[in-house]
Amino acid sequence: MRIVRFIFRNWPLKIGAILLAVMLYGAMVVLQTTQQFPGTVAVETVNQPPNSYLVKPDPMPAVRDIKYLAPADVPISQSSFRATIDLTGAKVSDSDYSWVKVQLVSTDQRIQVVDYQPQQIRVTLDQIIQRTVDVHVDYPTPPAGIQPGTPQLSSSSVSVSGAASIVSRVAYAEARVRIDSSGLDVSQDPDLVAIDASGNPVDNVTFSPRTVHVAIRVNSETRSETVPVDVADAIHGNPAPGYYITSIDITPPTVEVQGQADALALLKGKANTAPISVSGATSDISVKVNLALPDNVTSDTATQISVVIHLQSPISTRSLTVGVVMDGARSDRAYTLSAPSVIVTLGGATAALSALDPATLVASMSVAGLDTGSHAVNLTFSAPAGIRVLAISPSQITVTIAPAAVPSPSPIPS
């Protein structure tokens, strides 16, 4: 009874208050005309149950037809709204679904959301599972003459995980590789693709590992190629100090080789020879060597490869002081030279000049047939092979010839 009296106490005043509120709300609606946002707002999911996968809707529909109230000076954009669906109570089942409410709120308190579509979304949550499937290798039809062997895999099976309704459709994992027309062996790590029983791809699953290593031995028909002979990788050692290689002559310069494509690819476009040593060399090296071919590569070249390696040393000059010797001197004459030595300037290879020992070199002068007195005689110098005489200073010296002194007789003893 007390409650009834409270409700009806001053009822005219209470009714008047309600009417006033209605009038004020109507005035607000009149003053702020309802507007419609022309764009859409993406829907976010919150509180999704653990170990679940949102199967449907796919894709998630966006919120549209948004009606709102806002002062005229408030800027409106997509970021002015946030749309969410709360999946807390949604069922996790591959055969059942749940209706969830779409909650659209404004990010600006001056904006009042009046209406929007859709108000609800039907969702299907599926349980995430994991199972093991085999790995199959797939490659396009090989080029003519190429014969792939049996694929070798780093792992013949992998684990696939995802929604139960999707994982159940996966028949196997496919590793797609390519075979090059060059006939090189396959060594690749392709990403795996989920395939169903009809051979169609299955999306939205994850593999562990994500890739596998595929190795395929590729055989090809035997063929022939003409390649140049190369000795650059065969030369070892260093010439004597001061010498360097100027050129190399190779006969024959090219050879014909035979083998399968993968074996020929190991040549890298050239045929190497057996090793050639140039250690300590001071002159051209001429040798005959065999070809050094990879396994399963042969050549019809019956003869050995003739190789001539040309060496050279830089040209320079050197001046040496050498002694003077007389040719044709008589025993009954005494000879006196105006200079016991001369300076000889030589030209030739630096290494050869550096090897000369002045103590072993002499300049010659011929005194045969000269009588007593003073005579100016030209000097000569015999240079070692490969070395030229550029100058002798002085080019002649004076020799003074006198009778040899006769020794006094020994006294006769008493």
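What the table below lists for this structure:
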{"read-out": "Alpha-carbon radius of gyration plus Dmax, which is the widest Cα pair, for the chain in Å", "value": "53.0, 194"}
{"read-out": "Considering only the stretch 35-125, percent of DSSP beta bridges that pair antiparallel, nearest 5", "value": "80"}
{"read-out": "Least to most buried among E225, E44 (fewest other Cβ within 10 Å first)", "value": "E44, E225"}
{"read-out": "CD proxy at 222 nm, helix term only [per DSSP H run n ≥ 4: -39500 (n - 2.57); per residue of the chain; nearest 500]", "value": "-3000 deg cm²/dmol"}
{"read-out": "Cα-based helix-to-principal-axis angle, 11-31 vs the chain, degrees rounded to 10", "value": "40"}
{"read-out": "Beta bridges by DSSP in the chain, antiparallel share as percent, to the nearest 5", "value": "85"}
{"read-out": "Gyration tensor verdict on the stretch 162-300 (Cα atoms; rounded if a/c is under 1.5, prolate if a/b is larger than b/c, oblate otherwise)", "value": "prolate"}
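Read-outs: derived from the displayed coordinates by stated rules, not from any lab. In this text the structure is predicted, and so the values were computed from the model without any measurement. Cβ sites come from the backbone with ideal geometry, for glycine too, and all protein chains shown count toward neighbours.
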